[in-house]
Amino acid sequence: MKIDNRPNLDFKNVLIKPQRTTITSRSEVNLCRKFTFPNSQSEWEGVPIMAANMDTTGTFSVCKVLATYKILTCLHKFYTLNDYQMFFCQEKNKDNDIENIKNYMVVSTGIGEKDFINLCSIMDNISGLKWICIDVANGYMQKMISFCKKVRERYPKLIIIAGNVATSEMTQEYIINGGVDVVKVGIGPGSACLTRLKTGVGVPQLSAIIDCADAAHGCGGFIIGDGGITSPGDMAKAFGGGADFVMCGGIFSGHDENPGEVVEKLTQNGETKKFKYFYGMSSEHAMKKHYGQMAKYRSSEGRFIKVPYRGSLGDTVEDYLGGLRSTCAYVNAYKIKHLPKCTTFLLVTQQLNTHLVE
């Protein structure tokens, strides 16, 4: 047993210190980034935000909206080749820009043999797809690295994401030995995740981002800060801490474009509130939905949540993009790429005055 006495920080523990700025309007801030990835040598340009590959957010309907903002969507791994073919056929009939949608679409997979077969059927039959996300809850398994190598050998020029991890050593392992371009960072910070409660395992998300970003950049790779985002300010702190991309699930849930019906509930005050459902992919609900049962050897590590109905997804996206531009304006970062160099974190005990908030 060892004890690491270094302070570990979450988004709630810090604020970003403002500084003198020559930016006079948020419109001067560029939120797009252009990347050249280390192992695929492929390039991509867009806003480095991602919708998580959960089946309530990683959907074709969400992808269509986010693509208009140059934002990526990690589609959930339960889509099959037939699902992709049907979607693109429908979009072609609507005369939509299919190639633009493909540019912001990430195909997800697990690490089983059936997963690999499903991945290959999609990638080999749908031209123009650029991204693959290899996704498991515990990215520390040796099998995961072996699977990443297998995918890299099959698709040498495609951009590969893999995770999740929360430490610098495994971040470099994925990039140097696994052939991965972008490492997904986050163990337990998500709003629908119970991993920390059920296992006691995890790293506070801001510290995980800082450590893993430093490790990835040292060997030419990139990271995604995955989870823990509750507000535009949290997203700005993730980018300020060195995240190249930020992945979100909860904030992209509860909208018209998310699957499921709007549920109405009468409160004790006689008011009617509207909800949509959102759940973790390691939850009992997800296990039963996709596998028929929750295996007896495991416990549920995800929540089943009623999310307040939020209307149009575009409204939420614009709120977050506006917040990011404002952060950049406060610290004189004309480009989101410059945000880490312009960020000084202040340790705090309180962030908001909630005196009049009900």
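About the Cα centre of region 1-113, what is the dipole size in debye to 20, counting +1 per Lys and Arg Cβ and -1 per Asp and Glu Cβ, all else neutral? Could you put the intermediate results ahead of the total?
Values: 14 positive and 12 negative charges, 126 e Å.
My answer is approximately 600 debye.
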Setting aside same-chain residues fewer than 8 positions from K274, which lysines have a Cα under 26 Å from its Cα? K64, K265, K288, K289, K306
What's the local net charge at E45, with K and R +1, D and E -1, over the other residues with C-beta under 9 Å away? +2
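Once every DSSP H run of n ≥ 4 in the chain is given -39500 (n - 2.57) and the sum is divided by its residues, what mean residue ellipticity at 222 nm do you get, rounded to the nearest 500 deg cm²/dmol? Intermediate values should be presented prior to the final figure.
Working: 12 runs with 121 residues, N = 358.
Value at 222 nm, helices only, nearest 500: -10000 deg cm²/dmol.
Take the Cβ-Cβ distance between T80 and R20 as r, set R0 to 56 Å, and report the resulting FRET efficiency rounded to the nearest 0.05.
Working: r = 54 Å, r/R0 = 0.96.
Using R0 = 56 Å, I get an efficiency of 0.55.
Given +1 on the Cβ of Lys and Arg, -1 on the Cβ of Asp and Glu, and no further charges, what dipole in debye does the chain carry about its Cα centre, rounded to the nearest 20? Before the final figure, lay out the partial values.
Working: 41 positive and 35 negative charges, 96 e Å.
For the chain, the charge dipole is close to 460 debye.
Looking at the chain, do any whole DSSP H helices span at least 20 angstrom along their long axis by alpha carbon and average -1.0 or above on Kyte-Doolittle, and which?
The qualifying helices are 313-331.
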Excluding residues on the same chain fewer than 8 positions from K17, give the lysines whose Cα lies under 22 Å from its Cα. K237, K335, K337, K341
Built amide H within the under 5 Å cut-off of S108, gap 5+: L75, C133
May I ask you to derive the relative contact order of the chain, considering only C-alpha pairs under 8 Å and at least 6 residues apart, and to give it as an integer percent? 22
So the pair-distance distribution of region 1-155, from every Cα-Cα distance in 5 Å bins, comes to percents of 2, 7, 14, 17, 16, 15, 10, 8, 6, 4, 1, 0, 0
Calculated P(r) tail over 37 Å for the chain, as whole % of Cα pairs: 16
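Please state the relative contact order of region 187-250 as a whole percent: Cα pairs under 8 Å, 6+ residues apart? Mind dumping the intermediate values first?
Numbers: 88 pairs, mean separation 22.5, N = 64.
Relative CO of region 187-250 lands at 35 percent.
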Looking at N8, C219, T316, which one has the Cα that reaches farthest to the positive end of the dipole of the chain (charges on Cβ: Lys, Arg +1; Asp, Glu -1)? N8
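Show me the ranking of peptides 232-244, 102-114 by mean Cβ neighbours inside 10 Å, starting with the highest. Spell out each step's value before the answer.
On the way: 232-244: 25.2, 102-114: 18.5.
By packing density, highest mean first, the sequence is 232-244, 102-114.
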Calculate, for L347 and D319, the FRET efficiency according to 1/(1 + (r/R0)^6) with r their C-beta to C-beta distance and R0 41 Å; round to the nearest 0.05. 0.95
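Just so you know, all these numbers are worked out from the coordinates, no wet-lab data involved. The structure presented is a predicted model; accordingly, all values stated were derived computationally and were not measured. Every residue, glycine as well, gets a Cβ built from its backbone with ideal geometry; the counts of neighbours run over all protein chains shown.
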